[in-house]
Ligand SMILES: O=c1ccn([C@@H]2O[C@H](COP(=O)(O)OP(=O)(O)O[C@H]3O[C@H](CO)[C@@H](O)[C@H](O)[C@H]3O)[C@@H](O)[C@H]2O)c(=O)[nH]1
């Protein structure tokens, strides 16, 4: 008989799908260690949390999301529902007003052994300190992008143009451009609400007990060691979280497969390889860019499953009809991990959000990288130049942020799905995927790191 848990952990992910989904898997990893968990969210996000965690006994608490925030439509409590990502700064800033509700709820939950809160919820450090609870931050980023940002940021302002390659000071083998960094950081003198918000978050993280990374040590040991040498707090690589759950788990009981999985089954029966196309939950894609994607996909002649966040009727022009025997466009929420682990899926055209990259690694699917925002350009460098598990789309002006015309897609799509060039990437992603899964298994590096963290924190925090 398992004894009742003596460790109680509070989790509080940021209000965006890309930040919440990995935390659900992290929660499962913790539950396997007989730990009790309370997770915080807001009322509009609660159904997504309850559905996603229905197989667990995790307590969900929702606290009100601030109302009447300028520019944020009423009822929007998740970044994927924002009309534009330009509203991210006021949205993220508004979360601070949740502090009194968070602290009230936290008080009723004591004792709490430690809390894991999103790096973007930097204000939770104050609450943690108030109740003497150690706080670990989690951003959803890897160590590679963190290390390169730390090293390159001080010299970004001295680089002459946005597309001029420069050598990263502490990593002489790596060349980047200013355009590899988010707009708020590539100004000569970065300032403004978004910059201030991130800096506050970084300062709060530096004063926290630790930083959790959804990655595994073997993948990026140089960068993890670098972060631990020159910055604080300690980084703990305890992922990939998505490997905590078998992609097929729970699927056996469902009444019917979703139509897109049936479609993939059909492709597999016909012996066709499918390119999965998806750009995460936040990317703002212009109509012109959508048009080029449709032409590129059509000309490439590959089979594809494309998940779009909003209807593409405006650019559709009979596109779906013309590609109907080999292409499917889906506007619903899909189970991305189930898609990536489907036998027919042999390539992923991705924006390189870190969750998508690590999920693709675990499914051993090579990536065609098309970064769009946030730290995705650094992730794309990692995918193509560092761990070499994919190719990159070609922009029409050679800049990493340039517009992508249909031919800049068609050629690399064929390269990924058919070309010799991709054989090496396919081999590499298989090796790295195996190592990722091993890291989380009993005795693996991430398994050990998580055990050490729990032992370390519970030794000082008997509840
Ligand atoms: O229909 C869908 C759409 C998405 N997903 C999942 O949603 C997550 C999306 O995460 P990610 O690929 O990282 O994309 P974003 O949501 O765009 O991620 C944001 O958060 C990431 C983690 O911090 C950052 O790396 C990205 O740059 C940032 O845009 C993944 O787990 C997907 O499997 C689904 O399951 N079904």
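The values are calculated or read from the model by the stated rules, or taken from the named source; none is laboratory data. All values derive from a computational prediction rather than experimental measurement. Backbone-built Cβ (ideal geometry, glycine too); neighbour counts: all protein chains shown.
Hey, can you tell me all the residues within the stretch 233-259 that are part of a loop (DSSP other than H, G, I, E, B) and either surrounded by 14 or more Cβ atoms within 10 Å (Cβ to Cβ) or modelled with pLDDT of 95 or more (or both)?
Kept after step one, since they are part of a loop (DSSP other than H, G, I, E, B), are these residues of the stretch 233-259: 233, 238-240, 245-258.
Once the filter is applied, which keeps residues that are part of a loop (DSSP other than H, G, I, E, B) and either surrounded by 14 or more Cβ atoms within 10 Å (Cβ to Cβ) or modelled with pLDDT of 95 or more (or both), the stretch 233-259 yields 233, 238, 239, 240, 245, 247, 258.
Can you find, within the stretch 199-218, the residue that is farthest from the chain's Cα centre (by Cα) among those that are closer than 20 Å to residue 23 by Cβ and part of a helix (DSSP H, G or I)?
Going through the stretch 199-218, the residues closer than 20 Å to residue 23 by Cβ turn out to be 201-202, 204-205, 208-216.
Cutting the leftovers down to part of a helix (DSSP H, G or I) gives us 201-202, 204-205.
Details: 201: 18, 202: 18, 204: 21, 205: 18 Å.
This residue is 204.
Going by what's in this entry, would residue 433 be described as under 22 Å from residue 385 (Cβ atoms) and not in a helix (DSSP H, G or I)? It would help to see each step written out before you state the result.
Details: under 22 Å from residue 385 (Cβ atoms): yes; not in a helix (DSSP H, G or I): no.
When the stated conditions are applied, residue 433 does not pass them.
Residue-by-condition table, conditions (1) within 16 Å of the ligand (Cβ to nearest atom); (2) over 16 Å from residue 289 (Cα atoms); (3) assigned to a helix (DSSP H, G or I):
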| residue | (1), (2), (3) |
| --- | --- |
| 362 | yes, yes, yes |
| 379 | yes, yes, yes |
| 400 | yes, no, no |
| 453 | no, yes, yes |
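Quick check on the stretch 94-102. Is at least one of its residues touching a residue at least 60 places away in the same chain (Cβ under 8 Å), part of a helix (DSSP H, G or I) and away from the ligand (no atom under 16 Å from the Cβ)? Steps first, answer last, please.
Taking the stretch 94-102 as the starting set, the residues that turn out to be touching a residue at least 60 places away in the same chain (Cβ under 8 Å) are 95, 102.
Remaining after also requiring part of a helix (DSSP H, G or I): 95, 102.
Applying the additional criterion that residues be away from the ligand (no atom under 16 Å from the Cβ) yields 102.
Looking through the stretch 94-102, at least one residue is touching a residue at least 60 places away in the same chain (Cβ under 8 Å), part of a helix (DSSP H, G or I) and away from the ligand (no atom under 16 Å from the Cβ).
List every residue pair whose Cβ atoms sit under 8 Å apart, with the two residues 6 or more apart in sequence or on different chains, where the first one lies in the stretch 294-311 and is without any contact (Cβ under 8 Å) to a residue 24 or more places away in the chain and the second, anywhere, is part of a loop (DSSP other than H, G, I, E, B) and within 16 Å of the ligand (Cβ to nearest atom).
Matching pairs, first to second residue: 308/331; 310/331; 311/331.
Checking residue 388 against (1) more than 16 Å from the ligand (Cβ to nearest atom); (2) part of a helix (DSSP H, G or I); (3) touching a helix residue (DSSP H, G or I) at 6+ places or on another chain (Cβ under 7 Å); (4) at pLDDT 95 or above, only one condition comes out false. Which one?
Evaluating residue 388 over (1) more than 16 Å from the ligand (Cβ to nearest atom); (2) part of a helix (DSSP H, G or I); (3) touching a helix residue (DSSP H, G or I) at 6+ places or on another chain (Cβ under 7 Å); (4) at pLDDT 95 or above leaves (2) as the failure.
Among the residues of the stretch 56-73, is any away from the ligand (no atom under 15 Å from the Cβ), under 22 Å from the mean Cα position of the chain (by Cα) and more than 30 Å from residue 456 (Cβ to Cβ)?
No, the stretch 56-73 contains no residue that is away from the ligand (no atom under 15 Å from the Cβ), under 22 Å from the mean Cα position of the chain (by Cα) and more than 30 Å from residue 456 (Cβ to Cβ).
Identify all residues within the stretch 402-430 that are touching a residue at least 40 places away in the same chain (Cβ under 8 Å) and in a loop (DSSP other than H, G, I, E, B); write none if there are none.
Once the filter is applied, which keeps residues that are touching a residue at least 40 places away in the same chain (Cβ under 8 Å) and in a loop (DSSP other than H, G, I, E, B), the stretch 402-430 yields 403, 404, 405, 418.
Just wondering, is there one or more residues in the stretch 20-34 that are without any contact (Cβ under 8 Å) to a residue 12 or more places away in the chain and out of contact with any strand residue (DSSP E or B) (no Cβ under 9 Å at 6 or more places or on another chain)?
Here is the first cut: in the stretch 20-34, the residues without any contact (Cβ under 8 Å) to a residue 12 or more places away in the chain are none.
So far as the stretch 20-34 goes, no, none of its residues is without any contact (Cβ under 8 Å) to a residue 12 or more places away in the chain and out of contact with any strand residue (DSSP E or B) (no Cβ under 9 Å at 6 or more places or on another chain).
For every residue, the table says whether it meets (1) part of a helix (DSSP H, G or I); (2) at pLDDT 95 or above; (3) away from the ligand (no atom under 16 Å from the Cβ).
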{"residue": "37", "(1), (2), (3)": "no, yes, yes"}
{"residue": "46", "(1), (2), (3)": "yes, yes, yes"}
{"residue": "49", "(1), (2), (3)": "yes, yes, no"}
{"residue": "77", "(1), (2), (3)": "no, yes, no"}
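If you go through the stretch 364-377, how many residues are near the ligand (Cβ under 9 Å from one of its atoms) and either more than 13 Å from the chain's Cα centre (by Cα) or touching a residue at least 40 places away in the same chain (Cβ under 8 Å) (or both)? Write out each step before concluding.
Within the stretch 364-377, the first condition is being near the ligand (Cβ under 9 Å from one of its atoms), and the residues that meet it are 371-376.
Okay, now just the ones that are also either more than 13 Å from the chain's Cα centre (by Cα) or touching a residue at least 40 places away in the same chain (Cβ under 8 Å) (or both), so 372-375.
The qualifying residues number 4.
For the stretch 237-260, check the following and say yes or no: at least one residue is in contact with a strand residue (DSSP E or B) (Cβ under 6 Å, 6 or more places away or on another chain) and within 15 Å of the ligand (Cβ to nearest atom).
Within the stretch 237-260 (the criterion being in contact with a strand residue (DSSP E or B) (Cβ under 6 Å, 6 or more places away or on another chain) and within 15 Å of the ligand (Cβ to nearest atom)), the answer is yes, since at least one residue qualifies.
State which residue is nearest to residue 394 (Cα to Cα) when the search covers only the stretch 290-304 and only residues that are under 23 Å from the mean Cα position of the chain (by Cα) and away from the ligand (no atom under 16 Å from the Cβ).
Taking the stretch 290-304 first, the residues under 23 Å from the mean Cα position of the chain (by Cα) are 290, 293, 304.
When the remaining residues are screened for being away from the ligand (no atom under 16 Å from the Cβ), the result is 290, 293.
Working: 290: 15, 293: 12 Å.
Result: 293.
Given the criteria in contact with a strand residue (DSSP E or B) (Cβ under 9 Å, 6 or more places away or on another chain) and touching a residue at least 40 places away in the same chain (Cβ under 8 Å), does residue 450 qualify?
Working: in contact with a strand residue (DSSP E or B) (Cβ under 9 Å, 6 or more places away or on another chain): yes; touching a residue at least 40 places away in the same chain (Cβ under 8 Å): yes.
In short, yes.
Could you check residue 140 against (1) under 22 Å from the mean Cα position of the chain (by Cα); (2) at pLDDT below 95; (3) at positive phi and say which number it fails?
(2)
If a residue has to be away from the ligand (no atom under 12 Å from the Cβ) and either on the phi > 0 side of the Ramachandran plot or at pLDDT below 95 (or both) to count, how many in the stretch 262-284 make the cut?
1
Looking at 431, 410, can you tell me which residue is buried (at least 19 other Cβ atoms within 10 Å of the Cβ), more than 17 Å from the chain's Cα centre (by Cα) and more than 14 Å from the ligand (Cβ to nearest atom)?
Numbers: 431 fails: buried (at least 19 other Cβ atoms within 10 Å of the Cβ).
Exactly one of 431, 410 is buried (at least 19 other Cβ atoms within 10 Å of the Cβ), more than 17 Å from the chain's Cα centre (by Cα) and more than 14 Å from the ligand (Cβ to nearest atom), namely 410.
Within the set of pairs 6 or more residues apart or between chains, which connect a residue that is over 19 Å from residue 299 (Cα atoms) and away from the ligand (no atom under 14 Å from the Cβ) inside the stretch 324-353 to a residue that is assigned to a loop (DSSP other than H, G, I, E, B) and modelled with pLDDT of 95 or more with Cβ atoms less than 8 Å apart?
Going by the 8 Å Cβ cut-off, the qualifying pairs are 344/272; 344/273.
Filter the stretch 286-304 for residues that are closer than 21 Å to residue 271 by Cβ and either in contact with a strand residue (DSSP E or B) (Cβ under 6 Å, 6 or more places away or on another chain) or at pLDDT below 95 (or both) and give the result. Steps first, answer last, please.
Within the stretch 286-304, the subset closer than 21 Å to residue 271 by Cβ is 297, 300-304.
Within the stretch 286-304, 297, 302, 303, 304 meet the criteria.
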